[in-house]
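Participant: Below is a structure I'd like to ask you about.
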């Protein structure tokens, strides 16, 4: 008798035990993909439509930065309840919108308001959640944007399910889910990637690794070589990109979206970036990271990088910069005007959309609130 | 030489709850291409309780999908499918195995309509086999209805008869709101007169039904405890009590009207369920009945429930589950001396 009688390789059943695929093609790039400051920028500029693309990305970045600034100001003025700024991450935020086609779906989390605005959703509607007057101010079906998700990574399986449904219907819709570095620790992130791989769903996951989950750095979050390497365990493609290089993020995301759209499977993209502001206006980033570290990343500001390299390449000039700045100021003006109008909210709307039809119990409670409001109004009148 | 008469094919006159549920799923898949079943082992195997038996073979693996073993992933995927216009029916394998999906259920499924001001309803049915009495080892016998009934935005429904198994499941799948559909697993193989050839019409969700009309006191119950209550009502005749038995069928929304009328007609009430009593559905029912029927009551509303313990091992479960004697003991305490 030899051990060969019990040879594992001979008994191995691919369906039951797994296909034993070669992981090498799934591995992310060893270095994050960069375009700005490399010869690839010239090639991009010279490609058909290249210059227009680069100018458009620059314009979106300028407008995006202004959006973040204005939203932060509105928070200081008490116009927003809270604002998790994506300042420093604008390259990722705007590339999300430029990489998707109309009809594709975006699944953002709470820090991704700029991505939502870049996708075409009205800024005031986008910020409704953070203003505090409703949970989701926009119609998800108007621009194919799911509500901003607050529980981390819980929107990732939704993207998988939507992409799966689209594939079942023979439609070419791609879903893009946005997750942060902290969110990759959540079980839902794991389950979403696993389902995506098994179902071969046309979905792309973009992890914006901004270094911190509130105060906890990635070293305490994950021991993975990179977050992009997590893809390999699910049999899907991993990509690593410089998240402050808007051109690189656009190109890598666009390739990922096409990869998914053409049935070649889901993709996990890790964009290495940095949150220049605190977690929210209620956070004190000085308690967990050094000023020197922030300065190093300010030197890699995505907007500065873009402007410098596109000017050097002769893609943009003063006129482009001025035009973008004017568009940004226009947006800021509009935001100021619209947010200075106090929203009129109907308390009775509390009962409007709990079920398709209110239950008898909710009807009773609505009547109770209506009576309270009537009594308040009567008291007000007597004064 | 005699010729045997050809066998007459007659529709079966009795059916099990399991077969009625299977039939409801089959009819829903056939009538609406948007209906998709997904869950663990629901495809090739037909589910561990065989409720999806034959459906993958008849409608294809995409319509009755074997998923990875991950409940949050299953329900989260169903959310995305529903967003895209499908009508997912999720099977959770067992009550206690549904807990990983709790966040998806509470944070998304239950409130997506509300979050989006009615723009994004999620017509998802979550089927969960629940309750004990089948000799299951731990984590196979939980009664989890209170967790779900406490969550605004969900309908929570539980059939106790074969006809309701069909009718309520069809209603759940047809509902534009998410429905947690709790299947009393110890009744899966119970039989009633019911013909799959002429299934009962779809039941509206939210209506209780009086299963037995009595005069002395009213038992309020649902799901796996209904047969026990009906048995108790029969046994009570020997004590001179004529008991009403109300099958709630829907825990959310709650049929206050039927329940209050049934309690007022007898003036005494006992709520019976096998899940733990503390902060359970029975506490809510007792409070609602008291609020609505106080001047009609001759005694406090009592509860007969499982003890406030983790579900016991199978060799001890008969001491935990409310039985006929415990129900009759409660009825005896309804201050008859007055």
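Participant: For residue A:336 and residue B:119, what is the calculated FRET efficiency with R₀ set at 22 Å and r taken between the beta-carbons, to the nearest 0.05? Let's see the in-between values first.
Facilitator: On the way: r = 28 Å, r/R0 = 1.26.
That pair, residue A:336 with residue B:119, gives E of 0.20.
Participant: How large is the convex hull of the Cα atoms of region A:207-301 per residue, expressed in Å³ as a whole number? Spell out each step's value before the answer.
Facilitator: On the way: hull volume 10.1 nm³, N = 95.
Spelled out: Cα convex hull of region A:207-301, divided by residues, is 106 Å³.
Participant: From the P(r) of region A:162-221, can you give the percent of Cα pairs sitting at distances over 19 Å?
Facilitator: Details: 680 of 1770 pairs.
Tail of the P(r) past 19 Å holds 38 percent of the pairs.
Participant: Can you give the three extents of the C-alpha atoms in region B:240-338 along their principal axes, from longest to shortest, in whole Å?
Facilitator: That gives 42, 34, 19 Å along the principal axes, largest extent first.
Participant: Which Rg and Dmax, in Å, describe the Cα atoms of the protein assembly as shown?
Facilitator: 29.9, 108
Participant: What is the extension gain from residue B:335 to residue B:150, computed as 0.36 nm multiplied by their sequence separation minus the C-alpha to C-alpha distance, in nm to one decimal?
Facilitator: Details: separation 185, 0.36 × 185 = 66.60 nm, distance 3.15 nm.
Length gained, residue B:335 through residue B:150: 63.5 nm.
Participant: Sticking with this structure for a sec: What is the spin-label model distance, in nm, from residue B:242 to residue A:12 if the labels are put 7 Å beyond Cα along the C-beta direction?
Facilitator: That separation, rounded to one decimal, is 7.6 nm.
Participant: Turning to a different aspect of this structure: Across the Cα atoms of region B:193-297, what radius of gyration and what greatest pairwise Cα-Cα distance (Dmax) are found, in Å?
Facilitator: Rg and Dmax of region B:193-297, Cα atoms, are 14.1, 47 Å.
Participant: Starting with the fewest neighbours, write out B:91, A:171 ranked by other beta-carbon atoms found within 10 Å of each beta-carbon.
Facilitator: Values: B:91 27, A:171 13.
In increasing order of surrounding Cβ atoms, one gets A:171, B:91.
Participant: Moving on to the next point. When chain B is modelled as a GNM with alpha-carbon springs shorter than 10 Å, which of B:286, B:238, B:299 fluctuates the most?
Facilitator: B:238
Participant: Now a separate question. Using Cα-Cα distances under 8 Å and only pairs 6 or more residues apart, what relative contact order does chain A have, in percent?
Facilitator: On the way: 625 pairs, mean separation 84.7, N = 383.
Normalised by residue count, the contact order of chain A is 22 percent.
Participant: Name the residue, out of B:74, B:327, B:134, whose mean-square fluctuation peaks in a Gaussian network model built on chain B with Cα pairs under 10 Å.
Facilitator: B:134
Participant: Taking R0 as 60 Å, what FRET efficiency do you get between residue B:298 and residue A:357 from their Cβ-Cβ distance, rounded to the nearest 0.05? Don't jump to the answer; show the numbers that get you there.
Facilitator: Values: r = 36 Å, r/R0 = 0.60.
Approximately 0.95, to the nearest 0.05.
Participant: If each residue's Cβ is checked for other Cβ atoms within 10 Å, how do B:81, A:348 rank with the fewest at the top?
Facilitator: Values: B:81 28, A:348 11.
In increasing order of surrounding Cβ atoms, one gets A:348, B:81.
Participant: Normalised radius of gyration for region A:8-47, please: alpha carbon Rg relative to 2.2 N^0.38 Å, two decimal places.
Facilitator: On the way: Rg = 19.8 Å, N = 40, 2.2 N^0.38 = 8.9 Å.
Cα Rg divided by the expected 2.2 N^0.38 Å: 2.22.
Participant: Here's another thing I want to ask about it. Please give the per residue volume of the convex hull enclosing the alpha carbon atoms of region B:140-196, rounded to a whole number of Å³.
Facilitator: Working: hull volume 4.5 nm³, N = 57.
Convex hull of Cα atoms, per residue: 79 Å³.
Participant: Tell me, in nm to one decimal, what length is gained between residue A:350 and residue A:142 on full extension, where the rule is 0.36 nm per residue of separation less the Cα-Cα distance? Write out the running numbers ahead of the final one.
Facilitator: Values: separation 208, 0.36 × 208 = 74.88 nm, distance 2.32 nm.
Result for the pair: 72.6 nm of gain on full extension.
Participant: Any number yet on Rg/Rh for chain B, C-alpha, Kirkwood? Write out the running numbers ahead of the final one.
Facilitator: Numbers: Rg = 20.7 Å, Rh = 20.7 Å.
Ratio of gyration radius to Kirkwood radius: 1.00.
Participant: Checking a compactness column here: for region A:80-233, what do you get for Rg(Cα) / (2.2 N^0.38 Å), N being the number of residues?
Facilitator: Working: Rg = 15.0 Å, N = 154, 2.2 N^0.38 = 14.9 Å.
Working it through for region A:80-233, the quotient is 1.01.
Participant: With every atom except the alpha carbons ignored, what do you get for Rg and Dmax of region A:258-383, in angstroms?
Facilitator: Over region A:258-383's Cα set, Rg and Dmax evaluate to 26.1, 71 Å.
Participant: Here is a further query. What is the order of A:82, B:35, B:281, A:124, fewest Cβ neighbours within 10 Å to most? Intermediate results must be reported in sequence, preceding the final value.
Facilitator: On the way: A:82 15, B:35 22, B:281 26, A:124 18.
So the ranking, lowest neighbour count to highest, is A:82, A:124, B:35, B:281.
Participant: Further question on the same structure: What share of Cα pairs, in percent, lie more than 16 angstrom apart in region B:140-261? Could the numbers behind the result be given before it?
Facilitator: Details: 4646 of 7381 pairs.
Percentage above 16 Å: 63.
Participant: Rg/Rh for chain A: what does it come to with C-alpha atoms and Rh from Kirkwood?
Facilitator: Working: Rg = 23.8 Å, Rh = 22.7 Å.
Taking Rg over the Kirkwood Rh, I get 1.05.
Participant: Can you check what the Kirkwood hydrodynamic radius comes to for region A:152-254, Cα pairs only, in Å to one decimal? List each step's numbers first, then the result.
Facilitator: Numbers: mean 1/r = 0.0709 Å⁻¹.
Result for region A:152-254 stands at 14.1 Å.
Participant: OK, next. For region B:15-44 and region A:272-315, write down the distance between their C-alpha centroids in whole Å.
Facilitator: 54 Å
Participant: Of the residues A:134, A:213, A:291, which exhibits the maximal mean-square fluctuation in a Gaussian network model of chain A defined by a 10 Å Cα contact cut-off?
Facilitator: Its mean-square fluctuation being the largest, the pick is A:291.
Participant: Let me ask another. Just the number, please: Stokes-Einstein D of region B:38-179 in µm²/s, Kirkwood Rh from C-alpha pairs, 37 °C, 0.692 mPa s. Provide the component values of the computation, followed by the final result.
Facilitator: Details: Rh = 15.4 Å.
The Stokes-Einstein estimate is 213 µm²/s.
Participant: Can you pull the one-decimal nm distance between simple spin-label points at residue A:42 and residue A:30, each 7 Å off the Cα toward Cβ?
Facilitator: Distance between the two pseudo-spin positions: 2.5 nm.
FYI, it's all coordinate maths here, none of it is from the lab. Remember, it's a predicted structure, so these values are computed and weren't measured experimentally. Backbone-built Cβ (ideal geometry, glycine too); neighbour counts: all protein chains shown.
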